[in-house]
Every structure is written in structure tokens, then in C-alpha cells.
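A short write-up of the structure that comes next.
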Amino acid sequence: MKEKTIGVIKYFVLAIIILIILVPLIWILSLSLRYPEEVFEILPTKITFGNFPKAITQNEVWVGVSFARMVGNSLLVSTISIIGIIIISILAAFGFSNYNFPGKESIFIAFLLSFMLPVQVLLIPLFFLMKNMGLIKSYLALILPYIAFGFPVGTLILRSFFEKIPVEIKEAAIIDGAGDTRVLFNIVLPLARPAIATVIIFSFLTVWNEFLFALVFIREDTMQTIPVVLSRMIQSQFSKIIYEVYSATIVLTMIPTLIIFVIFQKWFIAGLSAGAVKG
Amino acid sequence: MLGNLSKNKKQIRGYLFILPAFLFFLIFLIYPIIFSTALSFYDWSGYSNNPFQNFIGLNNYIRMFNDPVFWTSFKNTIYFVILSIIFQNVFGLSISMFLFYGKIKASSLWRSIVFFPAMLSAVMVGMIWRRIFMGDGLLNMILSSIDSSLGNFQWLGNMVTPIFVVILINTWQWTGYNMVLYYAGLQGVNNLLIESAKVDGANWLQTITKIVIPQLYKTISLAVILNIIGGFKVFDIVYIMTGGGPAHASEVITSHIYNQSFSMLGQNRMGYGSAMAAVLAVVVIVFAAIRIRVERKMD
């Protein structure tokens, strides 16, 4: 009997925890399925899927950039940034793990400190750097800083993985006449696939969700990424916000994150609990 | 080490491999830090071509000490840091122990759900919660359906509650992250010690405080440091939920820097923004250095 009571309490507590997480998400989903006249009711009497096409087609009128372009911007910026982060992290991690040179550990720690610095601290100088380089109407204004602030985590994760690869494997290749670059490409990289995947997934998450750089560095409405375009919906203070379309847009832009999370959740949780990361 | 190269050649190769990273580091970190530090001693609106015309010495720093909004933002940032530490760690640790020791069915599914908000952009999280805490949002709808005299409170439109609402929402987003850290930590806790404590007649509270928590010492220090750094950095969620308002009541240091430097309505005081940024940078670097020490000890 007592065990039964504990069991009931246990699942009651669990239900509360899960509800606290899910209620806001369910609420926004529910708003996205409503007719305009029921947006300020707790429960709707009827539902519609008409807000999703509206979110896709009317985005341009509403926030000055089409839905497809907005998603395209985010995809483009994320993809190129991640490629840059991966290449630079692999090279740096290989340098740190395979060679000894004066100042190695100091440089490594300086890299680590740099990604923990609040980006707001460098907002002003970086903006003028981009402006003087003539980049504020180019995607590079985002891609370059994303690489700069993304490679330290990548280097950290990859270095610790590279150092776990047994020296014997590398030495065997060298005896067979392989040079350093062949050791990197033929031995280290194939073994490091899980670590590289972690870096890709983590970088994607950071870059895809990044807001402040995207808000300040891109001075061209049609080139802005999803978070900035979303944020403009609440900034349009002078026009009435159409909440059912607002909610539908949120739901639509949440779908990629949800899909990626469902597929890769083990990687995320492993990558994050490696302790290396939190924006 | 690799190959039959001379020591010098090997060193040069090492430098070559880290060169691309180092160039990014120089251009996008070191140069901006120097530029920003220098700028903090000048008065510059951002419009003239030469930032370094009006040298004003320490005036930007003096202005900071006399700026009531800076002190509000400082106070709110401290609230953010302290309450984030308390909420995220207490909830994160409790939920992880609940799922780890509670013999809950499908516990990995529940873990994923609690973790999910950490995947979303703070912009999206803020926009979702605005539909709950705005005057015409869900919370007031529910309150007024309970009693028609309730439901008129402007949760984000007064001088006291907005910052705490934002802190709660930030807690909602990041508790799952802390839970995952603690869950990983719990897997390293020695179960034999727990069993023998039970045999010795310890109740569950004693077991947790005397056996489990001491063994989580490293995870706790890491989580606390992450919360401190995260708290000082917070910007997006504040910007979306309140924009620092009303009348700067919910301003944090980062939003104050942004509003002073880039807001369309602000006065674009780049030098002043840089001075505040310098102070914030020093604070965070101290904690970041502590974090690196903690992590290195964990390895």
C-alpha cells in the first residue's frame, strides 16, 4: 500500500515537471491553430491550419523578408560558418595535440578565454571592423565572427579527442612513410568522427540561434537570420501584432530544431555534458 | 613525436597548424579588445570617421559611477546571477536525482523533454513567454477566469516584477541543461556508499546531503561557474521580453551597453558603451579563468 502511494506521488511530481516545460510550447501551438477572434480565449472552439500558409506567404509584407529567404539566410550562414569552424578547429587541434612549441598552453588558454567572453563586450569594435571592411551588407559580417567565436570550443573538444588516439597507431603509419598531413587525414580524422559530429552539432546550435551579432552586423533586412526576423515581429510596435500568425511562424521555425534534436539528442546531451559548452 | 624532423621544423609545423585559428583570434578578438579599451577613454558617437578625436580621460568611467541606469542594470545583473545559481542548480539537481534514483519509467524521454528548451533560441523562448506574461496573455486570462477582479496586473509593465519574470523564463530554458550536467555527475557517484549509508540507518535526506552532494562537488562547482558566466552574459531574453524597460527597470549590463551604443533611440555613446564593456569583460574573465581551472581539475 505504501509503495503504491509513493508511486502515485512520484508520477504526480513528474507530471508537474513535464507540464511546466510543455505548457508554454502547447500554448503557442494552440495559438497557431486559431481563428483571429479566438486568440484571446484560453481554449478555442474550432481550429484552422490556415495560419501556416499565411506565415509563409505574408512574412515579406510583415517583416520585410520572405519566409524562404529568412530560412535560406540562416542555412547559408550556419553551413559556411560550421565548415569554417570545423576546418580551423581540426588544424588547430592537430597542432596542439601533435607538436610541442613554446607558448602552446598559453595560446590554448587564451583561445578558451576568448569564447567565454561575453560577445557584447566586443560588439562595438567588431561592428566598426565589419563596417570598415565593407562587410555590413554581406553574409561575411556574420560568418567571420561566428568562426572566430566558434573555433575555440571546437578546438577544445577535438584536441582532447585527438590526444586520446594511441600514439602507436600514428607511429605505425609514420614507419610506413606517411607524412604529418597523411597521418591527419588517414588516421586521425576517420577515428575522430564522433568528436567532429559533436562539434558540428554544437556549432550549428550556437550559430543557428545566435541573435546579437545577427542583429547588429547585418544592416540589410533581406539578409537577416531567423532570430532577428522573429524579433522584428515584436518590434513592430506601430502596427497590430497578428498573434495567430506570429505563433504559426514560431511553430514553423521550431520544427528544424525539433527534428535535429530528435535525431541527434544523444550527441547533444553527450556534447553538452562534456562540460565544454554553454553559449 | 611525429616524423624525423628536427626539433625546430616540428615547432614551426605546430605553429603553422594553429596559424589560421591564431589569425582569427588576432583579428576578431585581440584587435577589438585593444580598440574597445582605447575607445573607452574617448567620446565618440560612431558617426565621425576618426573615433579618437575627443580624448576625455576617465570621464566615461566616472559617468558610469554616476549613471543611475548603470547601477540598476548592475543590480539586475547580480539578481540574475544569484537567482540563476539558486534556481537552476536546485531544480536541475533535484530533477536529475528524481529521474536518476526515482526508478521512473522512460526516464530518458523525460530528460529529453526537460532539456529541450535549451535547444531553442532565446528569441523564440522570449516570444513564446510574452504570450503568457503580457497584459493580454495566458496568465491574466487564467487569473481573470478564476476571479474577474484579477487578471489586470501588467507583469512586464511595472517597475518591480519584469526582471524576475525574465529570470524565471531563463530558468525554464536552462534548468534542463543543468539537469543533464548533474545527471552525468550522478553516474559517477559511488552506489556502495549509498547502500551502506542505508544499512547504517540514514534517511534519504541524510543520504543526499552527506553522501551524494559531497561526491558531486566538482559538478556543482562547474554548474555554478557556468551559471555565473551565463548570468553576466544574458542579453537576448531581456531584449525580447522587456527591452530593458519599462523606464530601464529591467535593464541588465549587456542591454544597457547595447542601448547606449546601437539602439535607434539611444544616443550612440560608443565610448561610454566601451567603458561598461571593459568592466563587464574583467568580471567575466575572472570567472572564466576559475572555470578553466575547475575543468582542468575535473580531467
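Selection of the range B:184-233 for residues being assigned to a loop (DSSP other than H, G, I, E, B) and either without any contact (Cβ under 8 Å) to a residue 24 or more places away in the chain or open to solvent by 60 Å² or more (accessible area, probe 1.4 Å) (or both) yields B:GLN187, B:GLY188, B:ASN190, B:ASP200, B:GLY201, B:ALA202, B:ASN203. Can you spot a residue in the range A:157-164 that is within 17 Å of A:ILE83 (Cβ to Cβ) and assigned to a helix (DSSP H, G or I)? Yes, the range A:157-164 has at least one match.
Residues that are assigned to a loop (DSSP other than H, G, I, E, B) and open to solvent by less than 10 Å² (accessible area, probe 1.4 Å) were ranked within the range B:234-258; the one that is nearest to the other protein chains (Cβ to nearest Cβ) is B:PHE235. Select from the range B:22-51 the residues that are within 13 Å of A:LEU122 (Cβ to Cβ), open to solvent by 70 Å² or more (accessible area, probe 1.4 Å) and not aliphatic (A, V, I, L, M) and list them in ascending order. Hit for the range B:22-51 is B:TYR31, nothing else.
Filtering the range B:112-132 to residues that are surrounded by fewer than 20 Cβ atoms within 10 Å (Cβ to Cβ) and either more than 8 Å from chain A (Cβ to nearest Cβ) or closer than 23 Å to A:PHE261 by Cα (or both) leaves B:SER112, B:ILE113.
Here B:MET276 meets the list (1) crowded, with 22+ Cβ neighbours inside 10 Å; (2) more than 10 Å from chain A (Cβ to nearest Cβ) almost entirely, failing just condition (2).
Is the range A:80-87 home to any residue that is facing chain B (nearest Cβ under 10 Å) and open to solvent by 70 Å² or more (accessible area, probe 1.4 Å)? Yes, some residue in the range A:80-87 is facing chain B (nearest Cβ under 10 Å) and open to solvent by 70 Å² or more (accessible area, probe 1.4 Å). When each of B:PHE91, B:PHE52 is tested for being part of a helix (DSSP H, G or I) and among the aromatic types (Phe, Trp, Tyr), the lone residue that passes is B:PHE91. Taken together, the criteria exclude A:LEU144 from residues that are at pLDDT below 90 and at the interface with another protein chain (Cβ under 9 Å from one of its Cβ atoms).
Out of B:ASN76, B:ASN54, B:ASN66, B:ASN60, one residue alone is buried (at least 20 other Cβ atoms within 10 Å of the Cβ) and away from chain A (no Cβ under 13 Å). It is B:ASN76. Are any residues in the range A:7-47 among the polar types (S, T, N, Q) and modelled with pLDDT under 90, and if so, which ones? Passing the criteria: only A:THR45.
The condition (being at pLDDT 90 or above and either in contact with a Cys (Cβ under 7 Å, 6 or more places away or on another chain) or not small (Gly, Ala, Ser) (or both)) is satisfied by just one residue among B:ILE132, B:ILE104: B:ILE132.
Summed over the range A:165-180, residues that are touching a helix residue (DSSP H, G or I) at 6+ places or on another chain (Cβ under 9 Å) and within 11 Å of chain B (Cβ to nearest Cβ) total 5. In the range A:182-219, of all residues being within 10 Å of chain B (Cβ to nearest Cβ) and over 20 Å from B:PRO117 (Cα atoms), the one that is surrounded by the most Cβ atoms within 10 Å (Cβ to Cβ) corresponds to A:ALA214. Residues that are more than 11 Å from chain A (Cβ to nearest Cβ), under 27 Å from A:LEU215 (Cβ atoms) and open to solvent by 10 Å² or more (accessible area, probe 1.4 Å): does the range B:96-111 have at least one? Checked against the condition, which is being more than 11 Å from chain A (Cβ to nearest Cβ), under 27 Å from A:LEU215 (Cβ atoms) and open to solvent by 10 Å² or more (accessible area, probe 1.4 Å), the range B:96-111 yields no hits at all.
Condition test on B:GLY135, is it open to solvent by 20 Å² or more (accessible area, probe 1.4 Å), assigned to a loop (DSSP other than H, G, I, E, B) and of a type outside the set (Lys, Arg)? In short, yes.
Here A:LYS137 meets the list (1) assigned to a helix (DSSP H, G or I); (2) under 16 Å from A:LEU215 (Cβ atoms) almost entirely, failing just condition (1). Scanning the range A:102-110 for residues that are assigned to a loop (DSSP other than H, G, I, E, B), surrounded by fewer than 19 Cβ atoms within 10 Å (Cβ to Cβ), free of Cβ contacts under 8 Å to residues at least 60 places away in the same chain and more than 7 Å from every other protein chain (Cβ to nearest Cβ) turns up at least one hit. Exactly one residue out of A:PHE128, A:PHE96 is at the interface with chain B (Cβ under 7 Å from one of its Cβ atoms), assigned to a helix (DSSP H, G or I) and among the aromatic types (Phe, Trp, Tyr): that is A:PHE96.
The values are calculated or read from the model by the stated rules, or taken from the named source; none is laboratory data. Because the structure is a prediction, the values reported are computed rather than measured. In this analysis, Cβ positions are derived from the backbone assuming ideal geometry, glycine residues included, and neighbour counts consider all displayed protein chains. Side chains included, ligands, DNA and RNA excluded: accessible areas come from the protein's heavy atoms. Shrake-Rupley method; radii C 1.70, N 1.55, O 1.52, S 1.80 Å.
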